[in-house]
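Submitted below is the structure of interest, expressed as structure tokens.
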Amino acid sequence: MTERTELVEHGQLFIGGEFTDPLGTEVIEVISPHTEQVIGRVPHASEGDVDRAVAAARRAFDEGPWPRMGLDERIAVITRIKDAFAVRHEEFARLISAQNGTPYSSSVMVQALAAMMVWDSAITVARDFPYEERRDGVLGPLLVRREPVGVVAAVVPWNVPQFTAAAKLAPALLAGCTAVLKVSPETPLDAYVLAEIAEEAGLPPGVLSILPADREVSEYLVGHRGVDKVSFTGSVAAGRRVMEVASRNLTRVTLELGGKSAAIILPDADLEAAVAGIVPFAWMINGQACVAQTRILAPNSRYDEMAEAFAAAAGALRVGDPLDPTTELGPLVAQRQQQRSLDYIKLGQEEGAKILTGGNRPASQERGWYVEPTLFGSVDNSMRIAREEIFGPVICLIPYEDEAQAVRIADDSPYGLSGSVWTADTERGIDVARRVRTGTYSVNTFSLDMLGPFGGYKNSGLGREFGPEGYGEFFEHKMIHLPAGYREA
């Protein structure tokens with residue numbers, strides 16, 4: 001019997017490090033994508049609540065102890081957050097699965113432990129980061145400092161809410177910044193667990209606020225004059241709007257946006273290994289992942305063989321209740337996402353692509369926002385299903401003639417976020433990886449390492465997360481000119 005999530009209700013907001021009553025009366029109802037029933041209620045933060053949160057963050061940064069603490073003191077607090085996250089990781093996984101449909105079988109790692117790893121990796125990066133360095137300038141010695149940027153607005157989506165929150169909060173807080181986290185109305189429940197952890201970890205007053213709200217309130221936060229830096233993850237359209245609104249105050253932005261990543265299978269690849277390696281990351285989070293390998297490029301010489309293998313693997317994915325540990329593909333987060341996928345499936349057929357498996361609502365599910373794992377064959381890269389981010393369980397199998405054409409097809413996209421290549425010759429795979437214009441790439445695997453830079457080319461975003469490159473996004477650079485002949489005592 002599948003464990004169900006009981007109705008979860010919260011009546012307060014986490015502002016300035018404490019739970020407090022909201023200024024408004026509007027409520028967010030969280031709907032299960034499996035049962036279509038209400039599973040949670042939380043306050044909807046208002047613009048007034050944003051003002052309170054930003055003011056608290058501003059005071060904490062300008063006057064409070066957090067930016068003035070030694071690095072080891074901040075690391076000690078963040079370590080307590082990381083350790084508590086590890087203790088409660090199953091709770092995070094279950095809550096997120098119940099809200100957005102991620103199968104619990106993968107949610108423990110993708111939604112929970114991966115987020116914990118982000119917190120942990122940020123600590124590693126912070127310990128070795130060059131906060132100050134001496135240089136010999138043209139006119140004399142220089143001291144170059146990296147100082148925390150200030151108040152950070154972190155806006156995260158519903159597909160990997162804790163992972164993306166950690167990608168922003170961990171480096172921001174370790175850098176000495178203060179933060180306001182705006183979480184999606186589809187997945188606000190797990191944010192309350194994070195708030196409890198942050199409170200217990202001993203963050204000073206004002207350092208962190210967490211606000212569930214819709215796009216209008218997000219826009220108000222992004223455009224707030226008290227914010228120094230915006231870190232956003234979401235769609236390209238929303239990212240453009242964030243950049244437009246933030247530009248009014250010349251607020252710095254980091255944007256992690258969409259993708260239409262290509263997995264290139266070279267003719268010499270081990271097909272069994274390629275299928276086993278690609279399928280979980282093509283349909284990951286039910287296809288609701290920006291890094292998903294949504295275009296599979298297969299050589300003409302082996303196209304029919306590969307089409308049969310991928311169709312069989314996709315068709316065998318177990319669809320059902322996300323909280324059932326045997327489920328491999330759950331429902332989409334909302335009815336609008338279900339309809340979006342179904343509309344693209346219809347469009348793909350109209351464009352001339354052939355459904356190799358799936359294409360409908362699954363007959364096994366009487367309710368819920370489900371779409372069958374769907375694989376299109378005979379896809380031309382000019383088709384909309386190959387160019388636009390569907391954000392659902394709809395994958396394209398695209399033929400190519402030779403390696404040069406495969407690279408051209410992979411690059412012929414408005415996106416450049418992720419990708420992979422599969423080959424018996426690792427050196428050949430590395431050469432392909434160097435040629436494809438995308439921010440993250442894998443050879444005979446798929447991974448996202450938190451000690452390296454993550455981000456995209458083209459419409460996939462601006463700036464980087466993770467590693468020293470991502471950590472550096474939360475700092476200002478200061479140059480101090482020293483007198484000629486100065487030598488440190």
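The values are calculated or read from the model by the stated rules, or taken from the named source; none is laboratory data. The structure presented is a predicted model; accordingly, all values stated were derived computationally and were not measured. Using ideal geometry, Cβ is built from the backbone for each residue, glycine included, and neighbour counts are taken over all protein chains shown.
Considering Val50, Val77, Val54, which residue is touching a Phe, Trp or Tyr at 6+ places or on another chain (Cβ under 6 Å), hydrophobic (A, V, I, L, M, F, W, C) and under 30 Å from Glu147 (Cα atoms)?
Numbers: Val77 fails: touching a Phe, Trp or Tyr at 6+ places or on another chain (Cβ under 6 Å); Val54 fails: touching a Phe, Trp or Tyr at 6+ places or on another chain (Cβ under 6 Å).
That would be Val50, the only listed residue that is touching a Phe, Trp or Tyr at 6+ places or on another chain (Cβ under 6 Å), hydrophobic (A, V, I, L, M, F, W, C) and under 30 Å from Glu147 (Cα atoms).
Still on this model: I'm trying to understand the selection: among the residues of segment 67-93, which are surrounded by 14 or more Cβ atoms within 10 Å (Cβ to Cβ) and among the basic types (Lys, Arg)?
Residues satisfying the conditions are Arg74, Arg80, Lys82, Arg88.
Please pick out the residue among Val217, Val230, Val253 that is outside any strand (DSSP E or B) and among the β-branched types (Val, Ile, Thr).
None of the others qualify; the one that does is Val217.
Still on this model: Can you work out which of the residues in segment 407-445 that are of a type in the set (Gly, Ala, Ser) and surrounded by fewer than 20 Cβ atoms within 10 Å (Cβ to Cβ) is nearest to the chain's Cα centre (by Cα)?
Ranking the qualifying residues of segment 407-445, first place goes to Ala433.
Does segment 395-405 include one or more residues that are β-branched (Val, Ile, Thr), closer than 19 Å to Asn100 by Cβ and not assigned by TED's automatic domain parsing to the domain that holds Trp158?
no
Using the structure shown, decide if Gln288 is under 22 Å from Val421 (Cα atoms), in the same structural domain as Ile390 (by TED's automatic domain parsing), crowded, with 19+ Cβ neighbours inside 10 Å and touching a residue at least 40 places away in the same chain (Cβ under 8 Å).
The answer is yes for Gln288.
Still on this structure, I have one more. Count, please, the residues in segment 323-360 that happen to be of a type outside the set (S, T, N, Q) and more than 22 Å from the chain's Cα centre (by Cα). Working first, answer last.
Taking segment 323-360 first, the residues of a type outside the set (S, T, N, Q) are 323-325, 328-334, 336, 340, 342-348, 350-356, 358-359.
Now drop any that are not more than 22 Å from the chain's Cα centre (by Cα), which leaves 324-325, 342-348, 350-356, 358-359.
Of the residues in segment 323-360, 18 are of a type outside the set (S, T, N, Q) and more than 22 Å from the chain's Cα centre (by Cα).
I'd like to know if segment 314-322 contains one or more residues that are outside any loop (DSSP other than H, G, I, E, B) and under 23 Å from the mean Cα position of the chain (by Cα).
No, that holds for no residue.
Which condition breaks for Val30 when tested against (1) closer than 22 Å to Pro205 by Cβ; (2) crowded, with 20+ Cβ neighbours inside 10 Å; (3) in contact with a Pro (Cβ under 7 Å, 6 or more places away or on another chain)?
Just one mismatch for Val30, condition (1).
Oh, and also: Could you tell me which numbered condition Phe391 fails, if it satisfies all but one of (1) under 17 Å from Gln288 (Cα atoms); (2) in contact with a strand residue (DSSP E or B) (Cβ under 8 Å, 6 or more places away or on another chain); (3) crowded, with 19+ Cβ neighbours inside 10 Å?
Going through the list (1) under 17 Å from Gln288 (Cα atoms); (2) in contact with a strand residue (DSSP E or B) (Cβ under 8 Å, 6 or more places away or on another chain); (3) crowded, with 19+ Cβ neighbours inside 10 Å, Phe391 breaks only (2).
Pull up segment 440-476, narrow it to residues that are touching a residue at least 40 places away in the same chain (Cβ under 8 Å) and aromatic (Phe, Trp, Tyr), then point me to the one that is nearest to Val110 (Cα to Cα).
Here the residue is Phe446.
Here is a check on your reading of the model: is Pro399 surrounded by fewer than 17 Cβ atoms within 10 Å (Cβ to Cβ) and either in contact (Cβ under 8 Å) with a residue 40 or more places away in the chain or over 25 Å from Val333 (Cβ atoms) (or both)?
So Pro399 does not fit the description; no.
Take the conditions in contact with a Gly (Cβ under 9 Å, 6 or more places away or on another chain) and either in contact (Cβ under 8 Å) with a residue 12 or more places away in the chain or not assigned by TED's automatic domain parsing to the domain that holds Val333 (or both) and apply them to Ala115. Does it pass?
The answer is no for Ala115.
If a residue must be more than 10 Å from Ser261 (Cα to Cα), in contact (Cβ under 8 Å) with a residue 24 or more places away in the chain and not in a loop (DSSP other than H, G, I, E, B), how many such residues does segment 406-421 contain?
Number satisfying all stated conditions: 4.
Restricting to segment 366-405, give me the number of residues that are in a helix (DSSP H, G or I) and either farther than 23 Å from Ala313 by Cα or in contact with a helix residue (DSSP H, G or I) (Cβ under 6 Å, 6 or more places away or on another chain) (or both). Please lay out each step first, then the result.
Our first condition is that a residue be in a helix (DSSP H, G or I); within segment 366-405, this holds for 384-387, 403-405.
Pick out the ones that are also either farther than 23 Å from Ala313 by Cα or in contact with a helix residue (DSSP H, G or I) (Cβ under 6 Å, 6 or more places away or on another chain) (or both) and you get 384-385, 387, 403-405.
Here the count works out to 6.
On to the next question. Can you find a residue that is in the same structural domain as Gln37 (by TED's automatic domain parsing), under 28 Å from Trp369 (Cβ atoms) and small (Gly, Ala, Ser) anywhere in segment 181-192? Break it down into steps so the answer makes sense when it comes.
Looking only at segment 181-192, we keep the residues that are in the same structural domain as Gln37 (by TED's automatic domain parsing), and these are 181-192.
Of the ones still in play, those that are also under 28 Å from Trp369 (Cβ atoms) are 181-192.
Going one step further and asking which of them are small (Gly, Ala, Ser), we end up with 184, 191.
Within segment 181-192, one or more residues are in the same structural domain as Gln37 (by TED's automatic domain parsing), under 28 Å from Trp369 (Cβ atoms) and small (Gly, Ala, Ser).
Across segment 218-261, what is the total count of residues that are touching a strand residue (DSSP E or B) at 6+ places or on another chain (Cβ under 7 Å) and of a type in the set (A, V, I, L, M)?
10
Out of Ser235, Ser247, which single residue is in contact (Cβ under 8 Å) with a residue 24 or more places away in the chain, among the small types (Gly, Ala, Ser), surrounded by fewer than 24 Cβ atoms within 10 Å (Cβ to Cβ) and in the same structural domain as Val50 (by TED's automatic domain parsing)?
Values: Ser247 fails: in contact (Cβ under 8 Å) with a residue 24 or more places away in the chain.
On inspection, the qualifying residue turns out to be Ser235.
Going by the conditions given, is Gly239 assigned to a helix (DSSP H, G or I), under 16 Å from the mean Cα position of the chain (by Cα) and under 21 Å from Ser184 (Cα atoms)?
It is true that Gly239 is assigned to a helix (DSSP H, G or I), under 16 Å from the mean Cα position of the chain (by Cα) and under 21 Å from Ser184 (Cα atoms).
Still on this structure, I have one more. Do we find a residue being assigned to a strand (DSSP E or B) and within 21 Å of Asp62 (Cβ to Cβ) anywhere in segment 186-209?
Scanning segment 186-209 turns up at least one residue that is assigned to a strand (DSSP E or B) and within 21 Å of Asp62 (Cβ to Cβ).
Quick check on my filter: what residues within segment 433-489 are farther than 18 Å from Val230 by Cβ and assigned to a helix (DSSP H, G or I)?
Listed by number, the residues that qualify are Ala433, Arg434, Arg435, Gly467, Pro468.
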